[in-house]
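Down below is the structure, laid out as structure tokens.
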Amino acid sequence: MGRTIASAEGATRPVVYWFDRVGIVLIHVGTVLALLRPVDGGLILMAVLFYLARMFGITAGYHRYFAHRAFRTSRFFQFVLALLGTAATQKGPLWWAAAHRRHHRYSDTPEDLHSPLQRGFWYSHLGWWFGKANDQADLKWIGDFAKYPELRFLDRWYHVGVFASMALAAALRGWDGFLWGYVVSTFAVAHATFAINSLAHVYGSRRYETSDTSRNNWWLAVITLGEGWHNNHHHYMSSANQGFFWWEIDVTFYVLKVLSWIGVVRDLRLPPPRVLARELVGEVAGGAVVETGALMMSSGAAPSQNIPE
């Protein structure tokens, strides 16, 4: 995985730890408060736009780029993706990508950070986020990106993006803008993202006989801009598209494709035909849909040429 770094910068910071946990609770309280107040079309539009932008920061940036290196880009746009990801209030890019690589390495085994098979639905959905054991980035999983000082800065000071998102929402529409643009949309982004850890390992169909419980779920794909094709993803993790076929909606990939046309990103990795055709459930299990799995021994990282030039 390239040059590795043994541990995260600094020890656990108690103030930050509790600030983040209280913040998660307040986001839920604030969402209820927003729903009890008068709302108009402009506020709903704000929530939708903030949701889409920050969800893209997670799906294209944190997930497909930093965790799986599914495409290449410049160092500048790499920083933009990282900053946009921090605005989603899901901690820093190195922490997120390191945790995700570990998930793929140990998927649905006791070492998996958020397996519903091992620790139950609610722990896999949200409970794992509260644990001190998962608070610091384990940089040995993400040494290829940890060498960039600007990414290490954002990973340590990820609240920069959070506060920027809050300030923008409040500047646009005041208190209600803050509630809808930041709080409600953060609530939605968080639970949609976490649903991939939980629901996408419980509900849906399986095209490929992966050695875990990953599933394809079309409605999760819609609300997460393409992440719901989770069985596809566990079958071929380094692909820029998770919807492998034209009827599988993958908005993140559509945007990446447009960005590739104008030179912002390049070298989008796609699954070759031989990958699409192998390990189909019907071939492996005689046509029966397999409901359980075991271990996918892969870190999910692509070759090192995906690092920015």
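For the stretch 157-168, putting each phi into the Karplus relation 6.51 cos²θ - 1.76 cosθ + 1.60 with θ = phi - 60° gives couplings of 10, 5, 5, 4, x, 4, 5, 5, 5, 4, 5, 5 Hz, in residue order, rounded to whole numbers and with x for Gly and Pro. Computed from Cα positions, the angle between helix 93-105 and the longest principal axis of the chain comes to roughly 30 degrees.
Placing unit charges on each Cβ (+1 for Lys and Arg, -1 for Asp and Glu) gives the chain a dipole about its Cα centre, and among M55, F244, L84 the Cα reaching farthest toward its positive end belongs to L84.
Net charge dipole, the stretch 19-306: roughly 600 debye, given to the nearest 20, about the Cα centre with Cβ charges of +1 for Lys and Arg and -1 for Asp and Glu. Taking a ≥ b ≥ c as the square roots of the Cα gyration tensor eigenvalues, with a/c under 1.5 meaning rounded and otherwise prolate when a/b beats b/c, else oblate, which class fits the stretch 66-151? It is prolate, given that a/c is not under 1.5 and a/b is the larger ratio. Here W18, W96 are placed in order of increasing Cβ neighbour count within 10 Å, fewest first, which gives W18, W96.
Distance from the alpha carbon centroid of the stretch 191-232 to that of the stretch 91-105 works out to 18 angstrom. A crude spin-label estimate for the pair E150 and Y17, with each label 7 Å from Cα along the Cβ direction, gives 3.2 nm.
Taking only C-alpha pairs under 8 Å that are 6+ residues apart, what is the relative contact order of the stretch 143-249 in percent? Reported relative contact order: 15 percent. Centre-to-centre, using Cα atoms only, the stretch 26-53 and the stretch 121-186 are separated by 18 Å.
Shown is the FRET efficiency for I44 and A167, computed with R0 = 22 Å from the Cβ-Cβ distance and rounded to the nearest 0.05: 0.60.
Distance between the 7 Å Cα→Cβ label points at T109 and I262: 4.4 nm.
Remind me, relative contact order of the chain in percent, using alpha carbon pairs under 8 angstrom and six or more residues apart? RCO, the chain: 26 percent. Seen through its C-alpha gyration tensor, with square-root eigenvalues sorted a ≥ b ≥ c, the stretch 104-198 comes out oblate because a/c lies at 1.5 or above while a/b is not bigger than b/c. Residue order for F121, F194, fewest other beta carbons within 10 angstrom first, comes to F121, F194. Here r is the Cβ-Cβ distance between A53 and L26 and R0 is 25 Å; the resulting FRET efficiency, rounded to 0.05, is 0.70. Each Cα pair of the chain feeds into the Kirkwood radius, which the Stokes-Einstein equation turns, at 25 °C and 0.890 mPa s, into a diffusion coefficient of 124 µm²/s. Taking a straight line from the alpha carbon of K140, these lysines sit under 30 Å away, with near neighbours fewer than eight places off in the same chain left out: K91, K132. Here the Karplus relation 6.51 cos²θ - 1.76 cosθ + 1.60, evaluated at θ = phi - 60°, turns the backbone of the stretch 143-149 into coupling constants of x, 5, 9, 5, 6, 8, x Hz, with x for every Gly and Pro.
Helical runs assigned H by DSSP (4 residues or longer) give the chain a calculated mean residue ellipticity at 222 nm of -14000 deg cm²/dmol, each run adding -39500 (n - 2.57) before division by the residue total.
Each reported figure results from applying straightforward, stated rules to the coordinates on display, with no laboratory input. Here the structure is a predicted model, which is why all the values come from computation and not from measurement. Positions of Cβ are generated from backbone atoms using ideal geometry, with glycine treated the same way; all protein chains shown enter the neighbour counts.
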